[in-house]
Amino acid sequence: MGTFEELVAEGEAVPTEGWDFTWFTGRATEQRPSWGYAGLLADRMADATAALDLQTGGGEVLAAVPVAPPVLAATEAWPPNLAIARANLAGFGATVAEAEVTDDLPFPDGAFDLVVSRHPVATRWGEVHRVLRPGGRYLSQQVGSGSVRELTEFMMGPSPAPLHPVVPPPTTTYAGSLPIDAVTAAELAGLTVVDVRQEALRMEFHDLAAVVHFLRKVIWIVPGFTVDAYRERLATLHAFMERHGPFVAHSQRYLVEAVRRTPAA
């Protein structure tokens, strides 16, 4: 393990573009969900004729499918990721459209028989319903409530439990939502949820560079994170890991799969 300043400098130097986490190998680990999203994605893609990946990042996950459908499209909001995604998906002849996470989707009604999304920032269930054909399917692995809370609370202090007023849920959900909220929003939008699963997954950070890079890359864990603003907490964390080993946290993930209802005959 390097010195505090060496590790901070290393964590700050790593580019944050794309959604590739291979840099963390040997520095941090995260348990994977038992359902195996990549395998489910490959199966659904092999059966599709037209598919859309929402908030694709750099297209790294989608690019790994063995077989893509004849029509393939993706959306991404962050301009640096657009070029990466277009390069990664060029072999499939995919269209990658620029779209903010809460924008209307730039595709016509009923354009796809499969829509997918891994770790979306926001899910507009009404738009998913609109671009799906009747009988079409939506598959998504989502970030659940309280993900990596241990690191957030160490850096920022404990936060009070949110109050949840009893109001009709919207048809848009955000990263950090509860599975029950996603299911309710999906069904309000006209989808039928056919599968939902949830798991808490162990994460270990083995050095401070991994923490710094993670907080720069996954910006909602500590909103507004900079090394200068959190230098004292980072120094305390570095001393802890030198003496006692990895910092342990838990990511929250849930899988939801839904189908657009077929109109009654």
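The values are calculated or read from the model by the stated rules, or taken from the named source; none is laboratory data. Since the model is a prediction, treat every value here as computed from it, not as a measurement. We place every Cβ from the backbone using ideal geometry, glycine too, and count neighbours over all the protein chains shown. Accessible surface areas use protein heavy atoms only, side chains included; no ligands, DNA or RNA. Shrake-Rupley method; radii C 1.70, N 1.55, O 1.52, S 1.80 Å.
Results, tabulated for the structure shown:
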| read-out | value |
| --- | --- |
| Test: residue in the range 34-54 that is part of a loop (DSSP other than H, G, I, E, B), farther than 18 Å from S140 by Cβ and of a type in the set (A, V, I, L, M) | no |
| Long-range neighbours under 7 Å by Cβ, at least six apart or interchain, first residue under 25 Å from I219 (Cα atoms) within the range 127-148, second aromatic (F, W, Y) and open to solvent by 10 Å² or more (accessible area, probe 1.4 Å) | Q141/Y37 |
| Yes/no for E60 being in contact with a Phe, Trp or Tyr (Cβ under 6 Å, 6 or more places away or on another chain), of a type in the set (D, E), open to solvent by 20 Å² or more (accessible area, probe 1.4 Å) and touching a residue at least 12 places away in the same chain (Cβ under 8 Å) | yes |
| The lone exception for D228 - which of (1) of a type in the set (D, E, K, R); (2) outside any helix (DSSP H, G or I); (3) open to solvent by 40 Å² or more (accessible area, probe 1.4 Å); (4) closer than 18 Å to A122 by Cα it fails | (4) |
| Selected residue (only one of D109, D113 is open to solvent by 10 Å² or more (accessible area, probe 1.4 Å) and either without any contact (Cβ under 8 Å) to a residue 24 or more places away in the chain or touching a Cys at 6+ places or on another chain (Cβ under 9 Å) (or both)) | D109 |
| Tally, over the range 1-20, of residues that are open to solvent by less than 70 Å² (accessible area, probe 1.4 Å) and within 18 Å of the chain's Cα centre (by Cα) | 3 |
| Output for the range 122-147, where each listed residue is in a loop (DSSP other than H, G, I, E, B) and surrounded by fewer than 18 Cβ atoms within 10 Å (Cβ to Cβ) | S145, G146 |
| Breaking point among (1) hydroxyl-bearing (S, T, Y); (2) part of a loop (DSSP other than H, G, I, E, B); (3) closer than 30 Å to E5 by Cβ, for S251 | (2) |
| So V67, is it in contact with a strand residue (DSSP E or B) (Cβ under 6 Å, 6 or more places away or on another chain), at pLDDT 95 or above, among the aliphatic types (A, V, I, L, M) and under 26 Å from R130 (Cα atoms) | no |
